[in-house]
Amino acid sequence: MNKSLLKILKISLPILLGVFLIWYSLSKVSIDELVKHFKSANYLYITLGMFLGLLSHLSRAYRWLFQLEPLGYKVKFGNSLMAVFATYLINYTIPRAGEVARASILTNYEGVPFEKGFGTIVAERVADVLVMLLIIAITLFLEFDFIYNFFAERFNPLKVIIAFSVLVALGLFFIFYIKKSTSKIALKIKTFVNGLIEGALSIFKMKKKWAFIFHTFFIWGMYVLMFYVTSFAITGLQPIPFGAILIGFIAASFSIAATNGGLGSYPVAVFGAFAIFGIAETPSIAFGWIMWTSQTVMIILLGGLSLLVLPIYNRKK
């Protein structure tokens, strides 16, 4: 496939998917109903949720310093923080472009070589993926009976067991094939997996590894708490099981990767997760939109401000 066409598809497809999902969510809830929920929402909880989100971003910027210090670079916290906010903002335009911009900001203002800065970002993403997998595992453990009964009521348990066994067998076959194969795709997958393992192990080689691990758990703890606290702002959503919060949070987190910053996909993901627990669709979608809007507004304001302030903050350089 033509490289320029591939770039266009990478940019346009998430946007088109986001537009479709916006239409889909608004087909479930009218704009008038959505506006009513925005007007009746308790903005004290929304503000608290935004504050918790801000704490997670501050922690992420501070955590980055632990990775850069062993490389011989004492980066200003202000530059690290503004680079993080700029990352989130730029990701709303072109997915994953923010990470490149984040490493470039340190190159421009702190003299950190791009490849080293980008390597630390990849390593922290590995840590984030591991914590996300831990959250999924905890959710499956806490809600195993509910999840099992949910699928057992809708599908034949024997068929579910057979399907699961087939998936496991296919997974093992795939792993065996990748290990033995010398094809370009197999080599890329092996390189990617080895990079993940190397990145994960590098965390334990840091001087301040325990501080890094603490901030990693703190960041994700704030994410979950932000999601939970904001749910209290929506009329008609409470009481809501904590299991629904966890599954809704996981679904919403994956939705951010599906479209630019979760545009359109975030409220639909929340609605789909909450529907499993029989929670009404109108407040569910309204919560998804309010949650996404509050965090997006914060990112646009702080990300835009960061891009404006960075040259002023570093004017001596």
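Since every read-out is calculated from the coordinates, none of them should be taken as a lab result. Not measured: the values here are computed from a predicted model. Cβ: placed from backbone, ideal geometry, glycine included. Neighbour counts: every protein chain shown.
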Label point distance in nm, Leu140-Lys205, each placed 7 Å from Cα along Cα→Cβ: 3.0 nm
Between Arg125 and Phe217, what is the FRET efficiency for a Förster distance of 22 Å, r being their Cβ-Cβ separation, to the nearest 0.05? 0.90
If you stretched the chain out fully between Tyr43 and Ile300, how much longer would it get, using 0.36 nm times the residue separation minus the C-alpha to C-alpha distance? 90.6 nm
Filter the cross-link list Lys76/Lys184; Lys76/Lys205; Lys28/Lys190; Lys184/Lys207; Lys28/Lys188 down to pairs whose alpha-carbon distance in this structure exceeds 31 Å. Lys76/Lys184; Lys28/Lys190; Lys184/Lys207; Lys28/Lys188
Computed E for Trp23/Glu281 - FRET, C-beta separation, R0 22 angstrom, nearest 0.05: 0.90
For the peptides 29-42, 63-76, 242-255, what is the packing order when you average, over each peptide's residues, the other Cβ atoms within 10 Å and list the highest mean first? 242-255, 63-76, 29-42
Using alpha carbon centroids, what distance separates the stretch 298-313 and the stretch 57-75, in Å? 19 Å
Span-like helices, the chain: DSSP H, alpha-carbon axial extent 18 Å or more, mean Kyte-Doolittle 0.0 or greater, which ones? 3-28, 43-68, 77-91, 114-142, 157-180, 184-203, 209-231, 242-258, 281-313
Full-stretch length increase - Ile147, Ala169 - with 0.36 nm per residue and alpha-carbon distance subtracted: 5.7 nm
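Mind giving me the FRET efficiency for Leu307 and Lys190? R0 is 41 Å, r the Cβ-Cβ distance, nearest 0.05 is fine.
Working from the Cβ atoms, E equals 0.60.
If you count, for each residue, the other Cβ atoms within 10 Å and average over each peptide, how do 79-90, 16-27 line up from highest to lowest?
79-90, 16-27
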Cubic angstrom per residue, convex hull over Cα atoms of the stretch 1-142: 189 Å³
Only Cα pairs under 8 Å and at least 6 apart count here; give the relative contact order of the chain as a rounded whole percent. 33 percent
